[in-house]
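Data first, discussion second: the structure below is written as C-alpha cells.
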Amino acid sequence: MTMKIGTGDFKERVDQGIHDSFMRGAVAGAQERMGTRRNDAAEELGNWEDWRSHGEEIRQHVLEHLDYYLQQLSENIASRGGHVFFAQTGEEANQYIQDVVKRKNAKKVVKAKSMVTEEIALNDCLKQAGCEVIETDLGEYILQVDDHDPPSHIVVPALHKNKEQIRDVFAERLGYQKTSKPEELAGHARLKLREEFLSADIGITGCNFAVAETGSFSLVTNEGNADLVTALPKTQITVMGMERLVPTFEELEVLVSLLTRSAVGQKLTSYITVLTGPREEFDVDGPEEFHLVIVDNGRSQILGGEFQSILQCIRCAACINTCPVYRHVGGHSYGSIYSGPIGAVLSPLLGGYEDYKELPYASTLCGACTDVCPVKIPLHQLLHKHRQNIVENTGQAPISEKLAMKAFGLGAASPSLYKLGSKIAPAAMNPFTQGDKIKKGPGPLKAWTEIRDFPAPNKERFRDWYKNRDKGGNQ
Amino acid sequence: MKVTLFATCLVDMFQSNVGKATVELLERLGCEIIFPESQVCCGQPAYNSGYVRESKEAMKRMIRTFQNAEYVVSPSGSCVAMFKEYPHIFKEDHEWGLLAQQLAEKTYELTQFIVDVLHIEDVGAQLNGKATYHTSCHMTRLLGVKSAPMILLNNVKGLEYTELPGKEQCCGFGGTFSVKMAQISEQMVDEKVTHVEETGADYLIGADAGCMMNIGGRIDRTGKPIKVMHIAEVLNSR
Ligand code: SF4
C-alpha cells in the first residue's frame, strides 16, 4: 500500500513517538496554538453549529449525487479544452500522469501540496520516469530536503520538526548558514524554489474542492506557491480525490469558510485560488494544457456503506489538532500518511485491516474529534464500527479477548453469575492486594498496575451495604 | 419522589462509598431510593471493544431491570451515556428498541437529576479545601452535562474551586484502552496528573468512576498528596 509510511509494527512506532521529546514538544505546542485559534475563529462566526450542519448537508448531498456531479464537472472541463481522466486505482492515475510527462518530454515537475498524490505515491513514480520532482509547499519542501521524511500531519506536514531541526537540515543539505528564525528559513527556501518554478515543465497540484457547475477547482494555501505552480509551467495536472467537489460557488464559499477556520483558525487564508481549465485567448498566464485526474482508489467501495460519512471529510485536520492520542504519539505512529482520528478511520478503509487493524483501538472514544469536525463526521462512532468489524468479520481479535468477552456476556446477562463473580472477587484478588490497593495485578490488570494502582474489590459491596441497611430498617 | 438507583458495576464492586453517598444524598434531598438487585453492568466494556453481540445480553438485562422505574439515576456520566446509546443499538429491533427508548428518556446522571429534575442548586454541603474538577469526556461530550456539576460545586461551603488546565482533554482511561494501549494511556494520565498538581488542589473531584480509578490510581502510584473524590461524596459532606 502506497499510503504506508515508516517501518516496524504499531507498538514499535508508538514507542519511538513517545520517546521523541522534540516531536512531542512541537506537537503539543501546535495543538494548543491551533486549537485556540480554531475555537476563536469558530466563535467569531457566531452560529458555528448552524455552519457545521450546513457543511454536513452539502457534503452529504454531494455524496448522494456523486456520479451526477462528477459527470457535470468532467463535461464542463472538457468543454473548455481540458482533459479529464478517471483513475480507478492509484496505479492508473500514476500511469496516466507518467504518460503525460513522457509525451511532454518533461524533466522537471513542481508540485503544490497534495495528500492524494502522497496517497498514490506519485513522486516515486515520476522519479522512476526520470523526472525531477520539487515540492513547493514549505513544509513538504523541508521534508523532501530531509531525505523524504514522510508527512506527519495532513495540513502541516512537517509539524513534527521544530525550527532548530529545520535549520540543521537546511545547513546539512543546502549549505544554509543563517539562524533558525522562521522568516530566514522561509526566505532561503523561497530563493531556491524560485529557480525551480521558472525552469519547471509541468505543474502538479491537488484540489481542495472542484466546482461542478463551472468546471473549476480551488486551492487554499497560505504561501502562494500553488499559484506559481499553476501560472508558470506550460502543462498543468490537477489530481483530486473522487469526492472532493461541490455543486456551485455558493457551496464552495461555505466549505472554504469551514475549512480555513477549522484548519488554521483564519477567516480566509492568504490565497484562495479558483482556476478553470487551460489558458484562454486573453489570459496573461496559466497553462496551455490542463489535465484533471480524478482518483477513486477505494473510495467507491466506501460509498453507500456504513463508513460513507468519512467521505464528507474536507481534510482540515481539526480532529488531528484536538486528538489526545495524536498529541502523545505523533503522526508517524499511525504508519499512514493519514494520521489522527481521520487517519484511524480512513487508513483501514483504503489500506486494509491487515496493515491498520490497531488504529481503531488507538482511541479512548473520547469524542473530541467528533466535536470539532466541521462537517460533523461521527469519527468516534466510525472507530467503534471498525472495532465491531474487526471482531465480527475479520477474525483478527485475540482469542483471549474473545473468551473474556464471551464470559462477560454470560456474566453480565445473568444477575446470579454477576453477583457470585463480584462476591468472590475480593478473595480472588487477595494475593495481589496490599491494604486497599492492588499494586501488581494478574492478567489484564498487569498492564494497568504497571503504571497505576488498582482498587481492591470492596469486601462489602455496595449491594451488600444496601441490603444490610434495609434489614436494619434504618432508612 | 421515587428514584431507582443504577449504581454501576464499578461503584458496586470498587467504590461502594460512592454508592452510599449517592443514596444518602438523594434521601436527604427527599427522594425514596429503590435499588433493584438484578442490575448488572451496562455492557460498555464489551460494547466499546467491538463485542456488540456479547454486550447486548447485558443491555437487555438492564432494560428489563429498570422497566418499571419512574426515574433512573446514576453517579456515572459514562454509564448513563451508554443507556442513552441503547435505542441506537436496538434500532432494528422494534420491541427492544421501544423499551430502550423509554429507559434512555428516564435516565439521568446524578448532578443532572439534582439540578434539572429536583431543581436544587445548593445541597447544603460543606467541605473545606482547594478543589479542581475533571470534566469527563462521555459526561460532557456524549451526555452534554456540563453546567450541573459546576452549579452544585460552586454552592459547597468552604470549597475553593480552581479550573483544571486542559480540562477538556481525556484522562486516558477509555475502558480497555487503558490496558490495550497502556503505553499511550500512561502519557495521557501523566499529563492529566501534572495539570491537577498545577492547580495546587487538595481534592480532585470527578463524576465518573472509570476516570477516577485511572487518575486516582496514577496519583496513588506516584504518591501525590491529592485526594480523589466523587462528586456524590463531596455533595454528601457536611
Ligand atoms: S474528519 Fe472532519 S475534522 Fe478530521 S480532517 Fe476531516 S473534516 Fe477535518
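The values are calculated or read from the model by the stated rules, or taken from the named source; none is laboratory data. The structure displayed is predicted, hence computed values, not measured ones. Every residue, glycine among them, receives a Cβ derived from its backbone with ideal geometry; neighbour counts consider all protein chains shown. These area figures cover heavy atoms from the full protein model, side chains too; ligands, DNA and RNA do not enter into them. Shrake-Rupley method; radii C 1.70, N 1.55, O 1.52, S 1.80 Å.
Mean residue ellipticity at 222 nm, helices only, chain B: -13500 deg cm²/dmol; runs of at least 4 DSSP H residues each add -39,500 (n - 2.57), and the sum is divided by the number of residues. Taking label positions 7 Å along the Cα-Cβ direction at both A:SER300 and A:ASP283, the computed distance is 2.9 nm, reported to one decimal. In this structure A:ASP124 has an accessible area near 90 Å², from a 1.4 Å probe over the protein heavy atoms.
Take each residue of peptide B:163-175, count the partner chain Cβ atoms within 10 Å of its Cβ, and average: the result is 4. Rolled with a 1.4 Å probe across the full set of protein chains, the surface gives A:ARG80 an accessible area near 90 Å².
Between A:ARG469 and B:MET1, the FRET efficiency from the beta-carbon distance, with R0 = 22 Å, is close to 0.65. Quick check: Cα centre of segment A:336-380 to Cα centre of segment B:141-167, how many Å? Using only Cα atoms to place each centre, the spacing works out to 31 Å.
Across chain A, Cα pairs under 8 Å and at least six residues apart give a relative contact order of 20 percent.
Distances between placed amide hydrogens fall under 5 Å for A:PHE85 paired with A:LEU292, A:VAL293, A:ILE294, all partners being 5 or more residues away or on another chain. With the helix formula -39500 (n - 2.57) applied to DSSP H stretches of n ≥ 4, chain A reaches a computed 222 nm mean residue ellipticity of -15500 deg cm²/dmol.
In terms of the Cα gyration tensor, with a ≥ b ≥ c the square roots of its eigenvalues, is the protein assembly as shown rounded because a/c is under 1.5, prolate because a/b exceeds b/c, or oblate?
Note, shape of the protein assembly as shown comes out prolate.
Each part reduced to its alpha carbon centroid, segment B:1-53 and segment A:177-221 end up 58 Å apart.
Counted residue by residue at 0.36 nm each, then reduced by the alpha carbon distance between them, the extension gain from B:LYS157 to B:LEU98 reaches 16.9 nm. A:TRP465 sits with roughly 40 Å² accessible to a 1.4 Å probe, with DNA, RNA and ligands left out of the calculation. Counting every C-alpha pair in segment A:50-300, the share spaced more than 27 angstrom apart comes to 36%.
Sites listed here are GluC sites (Glu not before Pro) in segment B:11-40 whose DSSP assignment is loop and whose Cβ has at most 14 other Cβ atoms within 10 Å: B:GLU37. Pairs of Cα atoms under 8 Å, at least six residues apart: use those to get the relative contact order of segment A:399-471, whole percent. Reported as a whole number, the value is 22 percent.
What does the structure give for B:184-196 when I average, per residue, the other chain Cβ atoms found within 10 Å of the residue Cβ? Mean shielding count: 4. Too long at a 29 Å Cα-Cα cut-off: which of A:LYS406/B:LYS227; A:LYS163/A:LYS267; A:LYS385/A:LYS406; B:LYS2/B:LYS146? Correct reply: A:LYS406/B:LYS227. Which Cys residues of chain A have no other Cys beta carbon under 4.7 Å away? Those would be A:CYS125, A:CYS131, A:CYS207, A:CYS313, A:CYS316, A:CYS323, A:CYS373, since no other cysteine Cβ in chain A comes under 4.7 Å of theirs. From the alpha carbon centroid of segment B:182-238 to that of segment A:248-299 is 48 Å.
Ranked from the most accessible area to the least, with a 1.4 Å probe and all protein chains present, what is the order of A:HIS54, B:HIS138?
A:HIS54, B:HIS138
Each distinct pair of alpha carbons in segment A:237-395 adds a 1/r term; the inverse of their mean, the Kirkwood radius, is 17.4 Å. Here each label is just a point 7 Å from Cα along the line to Cβ, and for B:LYS224 and A:LYS104 those points are 5.7 nm apart. Loop-located trypsin sites (Lys or Arg not before Pro) in segment A:245-297 (DSSP state not H, G, I, E or B) with no more than 15 neighbouring Cβ atoms inside 10 Å: A:LYS267.
Out of the DSSP beta bridges found with both residues in segment A:50-300, what percent are antiparallel (nearest 5)? Within segment A:50-300, antiparallel bridges account for around 25 percent of the total. Net charge in the neighbourhood of A:PRO415 (other residues with Cβ under 11 Å of its Cβ; Lys, Arg +1, Asp, Glu -1) is +3. Accessible-area rank, largest first, for A:GLU223, A:GLU118, B:GLU198: B:GLU198, A:GLU223, A:GLU118, with all protein chains present and a 1.4 angstrom probe. Annotation: for a label point projected 7 angstrom from Cα along Cα→Cβ of A:ALA186, residues of segment A:263-287 with backbone N closer than 16 Å are A:264-272. Among residues other than B:CYS42 with Cβ under 11 Å from its Cβ, the summed charge is +1 (Lys and Arg +1, Asp and Glu -1).
Extension gain for A:LYS440 to A:ARG80 (0.36 nm times residue separation, less C-alpha to C-alpha distance): 122.5 nm. Subtracting the Cα-Cα distance of A:GLU12 and A:GLN95 from their residue separation scaled by 0.36 nm leaves 26.4 nm. Can you check what the net charge comes to around B:ILE114, using other residues whose Cβ is under 12 Å from the Cβ of B:ILE114 (Lys, Arg +1; Asp, Glu -1)? With Lys, Arg at +1 and Asp, Glu at -1, the net is -3. Simple spin-label estimate for A:GLU57 and A:LYS127 gives 4.7 nm between the two label positions (7 Å along the Cα-to-Cβ direction from each Cα).
By its C-alpha gyration tensor, with a ≥ b ≥ c as the square roots of the eigenvalues, how is segment B:138-231 shaped: rounded for a/c under 1.5, else prolate for a/b larger than b/c, else oblate? Since a/c reaches 1.5 but b/c is at least a/b, the shape of segment B:138-231 is classed as oblate. Taken over segment A:336-439, the alpha-carbon convex hull comes to 167 cubic angstrom per residue.
Sort segment A:399-471 into rounded, prolate or oblate with this rule: let a ≥ b ≥ c be the square roots of the eigenvalues of the Cα gyration tensor; rounded if a/c is under 1.5, and if a/c is not under 1.5, prolate when a/b is larger than b/c, oblate otherwise. Because a/c hits 1.5 or more and a/b fails to exceed b/c, segment A:399-471 counts as oblate. Computed with the Debye formula from one identical point scatterer per Cα of segment B:2-116, without solvent, the log10 of I(q)/I(0) at q = 0.10, 0.11, 0.14, 0.22 Å⁻¹ comes to -0.27, -0.33, -0.53, -1.26.
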